Structures are given as structure tokens and as C-alpha cells.
Amino acid sequence: MKIDKKVVASSRGDITLYSLTNAVGASVTLSTVGAGITSIIVPDKDGNMADVSLGYPNPEDFFYDGPCAGKVPGRFANRIALGKLCVDGKDYQLAINNGPNHLHGGPEGFSHKNWNVELDGEAVVFSFHSPDGDENYPGNLDATVKYEWTDDCQLILTLGATTDAKTVVNLTNHAYFNLAGEGSGSVLGQKLQLMCSRYLPTNETLIPNGEMAPVAGTPMDFTTAKPLGQDIKADFPALNYGKGYDNCFVVDDYVPGQLKHVATLTDDNSGRVLEVSTTQPAAQVYTGNYLSHSPIAKCGRPYNDYDGVAIECQGMPDAPNHPNFPSQWLEPGQHYCHTIIFAFKTK
């Protein structure tokens with residue numbers, strides 16, 4: 001594995017970038033901004049390389065970008081209704097930064113922080129200390145994100161956290177993928193299959209109502225591969241609320257700690273295939289419905305809506321307020337640990 005390090009000065013301190021290049025010449029670049037992925041360059045069926053991860057050429061532009069491209073949001077990825085959190089009878093009011101709700105840990109969440117970084121052999125390990133009261137969350141939380149890049153083009157993420165007081169945590173990676181290449185236009189012709197026969201219906205602000213509804217017979221059904229855009233304009237509440245897919249899908253036969261293949265994204269033209277596996281209980285699929293007005297991208301222009309798709313393996317949105325959802329509570333002595341694998345292949 002070839003490992004290159006680059007340090008870029010910014011108004012928020014030095015940004016460190018590590019690029020990992022494997023035996024076939026495919027590479028991943030990682031940044032201390034939000035412990036994020038800034039590029040994933042992999043071959044197509046003919047061996048031609050392209051960057052399939054959305055992002056920006058200026059490393060500083062990853063701070064406070066609307067799309068949260070490639071980064072790790074936290075403490076709690078996704079939404080918490082009205083920012084209301086109750087821990088052992090004590091109420092906490094979190095920041096409201098997405099309509100009436102709390103999103104991705106708040107306006108100063110993990111994705112906007114410059115993380116610490118070190119190498120562990122050929123792995124890149126980011127760490128961040130979130131003090132008690134950070135964005136009004138209780139407890140001192142220490143988070144880690146470990147990235148490994150293999151010679152068969154698997155990007156393995158290990159997400160970890162510990163706390164000294166009861167709190168909530170929900171970590172994921174918010175990479176956007178376009179298997180035709182990050183500047184190639186709409187991703188809606190690419191095909192997605194999900195190993196998820198249920199999804200979470202929401203209200204108009206994308207807060208789950210607590211139900212886990214079957215996808216069968218609805219535009220939410222990706223149990224058989226279909227183009228992302230096939231049903232995206234259907235007159236259906238989940239699609240009307242978000243101008244496309246921005247929905248949480250429930251992993252079939254979820255077992256805590258067990259790694260499961262949950263999604264396959266395919267681009268027939270290039271032959272590139274992305275297989276996603278995780279130990280997380282759910283996957284939020286977001287078709288980049290509001291990507292326009294992004295910073296200038298690597299392709300030399302701002303992205304347009306639907307230029308990428310995020311498959312965010314995570315706990316369920318608003319889980320602290322839904323006892324029937326898998327728990328996202330973390331207590332002293334416990335170790336939050338989840339794996340996400342992005343495996344790039346060709347057909």
C-alpha cells in the first residue's frame with residue numbers, strides 16, 4: 001500500500017490528508033475535516049479510473065458544506081424530533097437546524113470539526129473528543145473512525161465511541177457516490193438494490209412515526225434492483241416530503257454486531273458495482289435532492305440535484321424517542337462499535 005500525506009493550511013487550522021493507493025492503482029483520500037472521504041478512485045470494467053465520490057478540490061470547502069459530503073456526522077447522525085432529548089428524566093434541548101428538528105449533531109457537529117489523525121500500520125485512524133455539553137449533549141464522548149483500504153478495493157470503516165455519562169450516539173459516513181464518475185451528471189439511471197423489506201414512514205419534516213412499514217407495492221421497494229429514478233417522481237408521501245428519496249430502510253434480519261450485505265449500487269455503462277455491508281440496523285438512502293448550491297466541485301462546477309446518492313448505514317432517526325427502535329444509548333463502560341464496508345467491483 002502506498003501512503004501519501006499532505007498538510008494544507010486553512011482558516012480553521014491545518015488540514016491533514018492521507019491518500020492510500022493499493023496494488024491495482026485504485027486510491028482513497030481521507031481528510032481530518034469531519035474524518036471524511038474526499039475521493040475514491042476505482043477502475044471501470046475496462047480498467048479506466050474515475051473518482052466515484054462527490055467532493056471539492058479545496059479541502060477547506062468541506063467545512064460547513066450543505067451536503068455533508070463524505071464526512072462523519074455526529075453525535076447523532078440524521079434527525080431528532082424538535083431537538084428533544086430526555087436522559088433518565090432530565091430534558092435536553094438540542095439545536096434546531098433542519099426545519100423544526102435537530103440534524104446531524106447540530107450546526108457545530110462532528111462533520112464540521114478538524115479531527116486528530118494518526119496511522120495505525122496501513123490504516124488511518126481519526127479521533128475526536130466531544131466535551132460534556134457539546135451541542136448540549138450530555139457526557140464526555142470520545143469518537144474514533146478507522147479506515148482501511150484493501151487491494152481488492154474494499155474501504156472498511158470502523159466507527160467507535162465511549163462516554164463517561166449516559167448519552168446517545170449515532171455515527172455513519174455521508175459519502176455520495178456516482179459510479180459513472182463524480183462529474184458525470186445525474187445518478188438516477190444507476191440501479192440500487194436493498195436487502196430491506198421495510199422502511200420508516202415519516203411526517204412531512206422527515207421524522208419517523210414509529211412504524212416499520214413494508215416496502216412491497218410502494219415506490220420504496222428496492223428489494224429487486226431498479227434505477228434510482230424509476231419511481232422518484234411518484235405521488236407518494238415519502239417522496240413528496242423530500243423531493244426524492246431521503247428515507248430510512250430497515251435491514252432485514254438485523255442481528256446486533258453481525259455484518260450484513262445491505263445494498264448494491266450498479267452502473268451498467270461503466271460496469272462499476274458498489275456493495276455495501278454493515279453491522280448497523282438501518283440505511284438512509286438520500287438521492288442528493290438538494291445538492292445544488294454546493295461548493296465548486298472536483299468536476300469544476302457546483303453539483304446539481306441528484307448528481308450522487310448517499311447510502312448512510314446508521315441507527316434509526318429519532319431513535320431516542322422511539323423505544324421500539326434499536327437503542328442508540330451509550331453508557332459508561334460500554335463501547336459503541338460499528339462497521340461499514342464499501343466494496344467496489346466491476347461486472
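The values are calculated or read from the model by the stated rules, or taken from the named source; none is laboratory data. Since the model is a prediction, treat every value here as computed from it, not as a measurement. Neighbour counts run over all protein chains shown; Cβ positions are idealised from the backbone, glycine included. Please note that ligands, DNA and RNA were not included when accessible areas were found on the heavy atoms of the full protein model with its side chains. Shrake-Rupley method; radii C 1.70, N 1.55, O 1.52, S 1.80 Å.
Positive end of the charge dipole of the chain (Lys, Arg +1 and Asp, Glu -1 on Cβ, about the Cα centre): tell me which of Ala225, Ser270, Leu192 has its Cα farthest that way.
Highest projection toward the positive end goes to Ser270.
Quick one: pull the percentage of alpha-carbon pairs in the range 198-253 with a separation above 13 Å.
Of all Cα-Cα distances in the range 198-253, 58 percent exceed 13 Å.
Relative to the compact globular guide of 2.2 N^0.38 Å, what is the alpha carbon radius of gyration of the range 42-92, as a ratio?
For the range 42-92, the normalised Cα radius of gyration comes out at 1.88.
So what are the three principal axis dimensions of the range 7-48 from its Cα atoms, in whole Å, longest to shortest?
Sorted from largest, the Cα extents of the range 7-48 read 42, 15, 14 Å.
Can you give the percent of C-alpha pairs in the range 121-201 whose distance is more than 15 Å?
Within the range 121-201, distances greater than 15 Å cover 73 percent of Cα pairs.
Quick check for you: with a 1.4 Å probe and neighbouring chains kept, what is the accessible area per residue of the range 95-248, in Å²?
36 Å²
Please give every one of the aspartates and glutamates within straight-line cross-link reach of Lys260, meaning a C-alpha to C-alpha distance under 16 Å, and leave out same-chain neighbours fewer than 8 residues apart.
Filter leaves Asp252, Glu275, Glu312.
Please compute the Kirkwood hydrodynamic radius of the range 96-139 from all pairs of different C-alpha atoms, in Å with one decimal.
12.3 Å
HN-Hα J couplings of the range 129-138 from phi, Karplus 6.51/-1.76/1.60, θ = phi - 60°, integer Hz, Gly and Pro as x?
9, 9, x, 3, x, 4, 6, 6, 7, x
At a Förster radius of 25 Å, what calculated FRET efficiency corresponds to the Cβ-Cβ distance of Met49 and Arg301, to the nearest 0.05?
Calculated value: 0.75.
Pop out the carbon and sulfur fraction of the accessible area of the chain as a percent, whole number, probe 1.4 Å.
Summing carbon and sulfur atoms, their accessible area is 48 percent of the total for the chain.
Based on Cα positions only, what radius of gyration and what Dmax would you give for the range 71-154, in angstroms?
Radius of gyration, then largest Cα-Cα span, for the range 71-154: 15.3, 49 Å.
With all protein chains present and a 1.4 Å probe, how do Tyr176, Tyr92 order by accessible area, largest first?
The residues order as Tyr92, Tyr176, largest area first.
Mean 1/r over all different Cα pairs, inverted: what Kirkwood radius does the range 1-118 give, in Å?
The Cα-based Kirkwood calculation yields 15.9 Å.
Give the Debye-formula value of log10 I(q)/I(0) at each listed q (0.11, 0.13, 0.15 Å⁻¹), with one equal scatterer per alpha carbon of the range 217-347, two decimals each.
Each listed q corresponds, in turn, to -0.48, -0.67, -0.87.
Per-residue HN-Hα couplings for the range 35-51, Karplus 6.51 cos²θ - 1.76 cosθ + 1.60 at θ = phi - 60°, whole Hz, x for Gly and Pro?
Residue by residue, the range 35-51 yields 6, x, 9, 9, 7, 9, 10, 9, x, 8, 5, 9, x, 7, 8, 8, 7 Hz.
Ranked highest first by average number of other Cβ atoms within 10 Å, how do 145-154, 25-34, 201-210 line up?
My ranking of the peptides, most packed first, is 25-34, 145-154, 201-210.
In whole Å, what are the extents of the chain along the principal axes defined by its C-alpha atoms, from largest to smallest?
Cα extents, longest axis first: 58, 49, 38 Å.
With only alpha-carbon atoms in the gyration tensor, what are the semi-axes of the equivalent ellipsoid for the range 194-289, in Å, largest first?
Working through the eigenvalues yields semi-axes of 21, 19, 11 Å.
Bin width 10 Å, alpha-carbon pairs only: give the P(r) of the range 81-121 as whole percents, running from 0 to the bin holding the largest distance.
27, 34, 23, 14, 2
How large is the accessible surface of Val7 in square angstrom, using a 1.4 angstrom probe and rounding to the nearest 10?
Roughly 80 Å² of Val7 is accessible to a 1.4 Å probe.
Among the lysines, select those whose C-alpha is under 21 Å from the C-alpha of Lys113, and discard any that sit fewer than 8 residues away in the same chain.
Reachable lysines: Lys5, Lys6, Lys71, Lys146.
Just round it to a whole percent: the fraction of Cα-Cα distances in the range 103-245 exceeding 28 Å.
41 percent
Beyond 21 Å between alpha-carbons counts as too far, so tell me which of Lys2/Lys191; Lys191/Lys233; Lys84/Lys233 fall in that bin.
With Cα atoms farther than 21 Å apart: Lys2/Lys191; Lys84/Lys233.
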